[in-house]
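Heads up, the thing below is written out as structure tokens.
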Amino acid sequence: LFFFYDSLQDQFDNLEKHTQWGIDVLEKYIKFVKERTEIELSYAKQLRNLSKKYQPKKNSKEEEEYRYTSTRAFLATLNEMNDYAGQHEVISENMTSLITGELTRYVQELKQERKSHFHDGRKAQQHIETCWKQLEASKRRFERDCKEADRAQQYFEKMDADINVTKADVEKARQQAQLRHQMAEDSKAEYSSTLQKFNSEQHEHYYTHIPNIFQKIQEMEERRIVRIGESMKTFAEVDRQVIPIIGKCLDEITKAAESVDHKNDSQMVIEAFKSGFEPPGDIEFEDFTQPMKRTVSESSLSNSRGDGKSEPKFGGKSKGKLWPFIKKNKLMSLLTSPHQPPPPPPASASPSAVPNGPQSPKQQKEPLSHRFNEFMTSKPKIHCFRSLKRGGAGPEDFSNLPPEQRRKKLQQKVDELNKDIQKELDQRDALTKMKDVYIKNPQMGDAASVDHRLSELAQNIEKLRLEVQKFEGWLAEVEGRLPARNEQPRRQSGMYEPQNPSAVNSCAQDRESPDGSYTEEQSQETEMKVPATDFDDEFDDEEPLPTIGTCKALYTFEGQNEGTISVAEGEMLYVIEEDKGDGWTRIRRNEDEEGYVPTSYVEVYLDKNAKGA
């Protein structure tokens, strides 16, 4: 029986360990799901940050780039990825609420239930052990009383047989024997009663209480197993629920990718950068066999003169129009900076022993192909266009743009102004209705209080209409100059009338684009000295370059190339630009006279503060 009790106790210990292991498994699964939700949240956050990182910034150049189908498809992909990230957040939220939260509460309940069951088991075990101890005590008492009764009976019989013992002693021994027999009978009855009670308790214990406790523990463990299985199923269902939405996101990405139209994008690029210029005319043949009648063939860089009539000049200057395929800064660099390496310093300081420096344009003419290569490859030195480099605002009529781009900008401006006018008209109509309501119902407000605002709106509308008329006038001018859509561009070519060298040096070359919007003060293409003031007509707000030091002329230099300036030996001048490695230094004599001299011809004294800046 003791072995059976120990075995039962061992079973309780095994069950206790097993159920604790089951709870540990459940907690481990809860931790697994919790880490999965953290991963989903982190993944969603990273996806959102990725989508936000590549979203176009508002009011930036990137936003304009998203008008193409390919970039719109990319933008749609970013938006869908944002929704895709949202589904991963949904997975995390559902797993947290349906699995982690529910299982955490269930684990707490399970621990309480397990504790209760094992407490009942221990209590029942202690009760049966107590009953067993009572039975053992009653048995030992009955055994002891029986032995005492036998000894008392034997003593009585011995006293009764002894003739030397008095009758009183025999009677006393007989009474003692009867008392012991009565105690033995009482112990026997008690033992019998205790035994019956124990057998009943033991039967109840092993056939009712312990099986019920084991059954409850089994049911508890089975519920735990079912619950963890359901949680695993929910784990899969949470993912499966968002699959259709994720599929829609992927379908939208595929749809956006299929909407990419290379032809449309190409046409948009064409429309965006179409200039409206007509192609240049043919380049005329230059006959070098007749030096005195050399044809100045510049038809690729200027308009044809057609009938040979020259356009009128205003103030001795021509409003030149640049050829559309030449950048202004390259043209300016060509006309204002020397094209030849600086001459070496003279062997002696005597002005008579020094050559005149770089060759004069009269002595050598560069072929047109060399000049064209310099247009395309030379690094520009922008002088009069410094304000453009600094991001200065363009003209109000967009005359600095090619014709087609100018037309688009003007049309865009007109549309914006019309929208502003419509807003002002809507406000005026609303205020007019409010004024009518105030007139009909004076208690609601003073009708005169809106008159000031109405007058302001009327002034604003009038100003905006004048602006619209102004821009529409420029738009009509541009549209009138643009060739018809179905009209073939006219080929323009021409050559100059033969002129003597003095006439060539004294007159200005006309450079005209087909629409007349790309204008700039420009001098004859042949090498001649170009004053900086020729370009200041369109850049009146140009600030001169700051002085960075002074210099002293070591030798006399006669600047005969464009961009150079003549200096006398010993003359002190201001330095406004250091030698950039080409052997030339830019100096200034006064506000109107500046140019380049060979670095070896001057001794430069730079201002340390200016140089450092």
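The values are calculated or read from the model by the stated rules, or taken from the named source; none is laboratory data. Nothing here was measured: the structure is a model prediction, and the numbers come from that model. FYI the Cβ positions are ideal-geometry reconstructions off the backbone, even for glycines, and counts take in every protein chain you see. All accessible areas refer to the heavy atoms of the entire protein, side chains included, with ligands and DNA or RNA removed. Shrake-Rupley method; radii C 1.70, N 1.55, O 1.52, S 1.80 Å.
Assorted remarks:
- Residue in segment 529-547 that is modelled with pLDDT of 90 or more and open to solvent by 20 Å² or more (accessible area, probe 1.4 Å) present: no
- Residue in segment 161-175 that is of a type in the set (Val, Ile, Thr) and under 20 Å from GLU204 (Cβ atoms) present: no
- Among the residues of segment 562-612, just one is over 52 Å from the mean Cα position of the chain (by Cα), open to solvent by less than 40 Å² (accessible area, probe 1.4 Å) and in contact (Cβ under 8 Å) with a residue 60 or more places away in the chain, namely TYR601.
- Extreme residue, most open to solvent (accessible area, probe 1.4 Å), among residues of segment 26-60 that are of a type in the set (S, T, N, Q) and not in a helix (DSSP H, G or I): ASN59
- Of residues in segment 9-25 being open to solvent by less than 40 Å² (accessible area, probe 1.4 Å) and of a type outside the set (Val, Ile, Thr), the one nearest to LYS216 (Cα to Cα): PHE12
- The selection criterion, being over 30 Å from GLU64 (Cα atoms), modelled with pLDDT of 85 or more and of a type in the set (Gly, Ala, Ser), does not hold for SER259.
- Among all positions in segment 184-199, there is at least one residue which is polar (S, T, N, Q), out of contact with any Lys or Arg (no Cβ under 9 Å at 6 or more places or on another chain) and farther than 30 Å from GLN154 by Cα.
- The one condition in (1) surrounded by 13 or more Cβ atoms within 10 Å (Cβ to Cβ); (2) part of a helix (DSSP H, G or I) that GLN112 fails to fulfil: (1)
- Among (1) under 19 Å from PRO546 (Cβ atoms); (2) hydrophobic (A, V, I, L, M, F, W, C); (3) modelled with pLDDT of 90 or more, the one test that ALA568 misses: (1)
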